[in-house]
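**Q** Below: one structure in structure tokens.
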Amino acid sequence: DVKVTQSSRYLVKRTGEKVFLECVQDMDHENMFWYRQDPGLGLRLIYFSYDVKMKEKGDIPEGYSVSREKKERFSLILESASTNQTSMYLCASSLTIGELFFGEGSRLTVL
Amino acid sequence: KNEVEQSPQNLTAQEGEFITINCSYSVGISALHWLQQHPGGGIVSLFMLSSGKKKHGRLIATINIQEKHSSLHITASHPRDSAVYICAVVIGGNQFYFGTGTSLTVIP
């Protein structure tokens, strides 16, 4: 069974803390994505990567960075968490023009 | 600017009813996806379409490339179909644009 696994389902962090969200896929997909999902706003792209060490900014990259050192792993980093980054974060992967597979999501609360 | 528009935003149906959710888009696409998200759950892919029609169980998805429109139909709806249904278009192979979703509630 194909899988996208996110490291944490629920996190609570304090303002200013550094936050790492990890995502691993076992399908050898070249494309990986980080989205945030907020009520009424739908899915918004933070960053995506189409190959190892390659990254592209999405619609809302401010306050976030990413790392893709290995094909199967795509990490999202919040250098200094803020309360407006409280959200559901979803990782996804796909082949080019392929089905999109999502992880279960990581619900982050920043206090 | 939203490349993908879904309607309706919210839909309540009685069990057994035939349901249609619509998706319109404004740009040329390489494919269109229909996704399902149950409350508190992850998102799963239902269909990927580039032309015509696909069927899986009680779900049917159609796309009209010329009119830039797709529909998702659910026949004989059931309370377990209650979820948010999201339309997503693919541009250039790996750029996804999402609708804001249709929240479906099926009442027994």
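**Q** Per residue, what volume in Å³ does the convex hull of the Cα atoms of segment B:1-63 enclose?
**A** Given the Cα convex hull of segment B:1-63, per-residue volume reads 123 Å³.
**Q** Using the 2.2 N^0.38 Å rule of thumb for compact globular proteins, work out how chain B stacks up: its C-alpha Rg over that value, please.
**A** In units of the 2.2 N^0.38 Å rule of thumb, it is 1.01.
**Q** Could I ask something else about it? What average number of partner chain Cβ atoms lie no more than 10 Å from the Cβ of the residues making up A:38-45?
**A** The per-residue average across the peptide is 4.
**Q** Now a separate question. Please report Rg (one decimal) and Dmax (integer) in Å for the Cα set of chain A.
**A** 13.1, 39
**Q** Using the 10 angstrom Cβ neighbour count as an exposure proxy, how do A:PHE20, B:PHE98 rank, fewest first?
**A** In order of increasing Cβ crowding within 10 Å: A:PHE20, B:PHE98.
**Q** How much space per residue, in cubic angstrom, does the convex hull of the C-alpha atoms of the protein assembly as shown take up?
**A** Expressed per residue, the convex hull around the Cα atoms of the protein assembly as shown is 120 Å³.
**Q** Sorted from fewest to most neighbouring beta carbons within 10 Å, what does the list B:LYS55, A:LYS55 look like?
**A** Listing B:LYS55, A:LYS55 from fewest to most nearby Cβ atoms yields B:LYS55, A:LYS55.
No value in this document is a laboratory result; all are computed from the given coordinates. Owing to the predicted nature of the structure, the values given are computational and were not obtained by experimental measurement. Don't worry about glycine lacking a Cβ; one is built from the backbone with ideal geometry, like all the others, and counts go over all protein chains shown.
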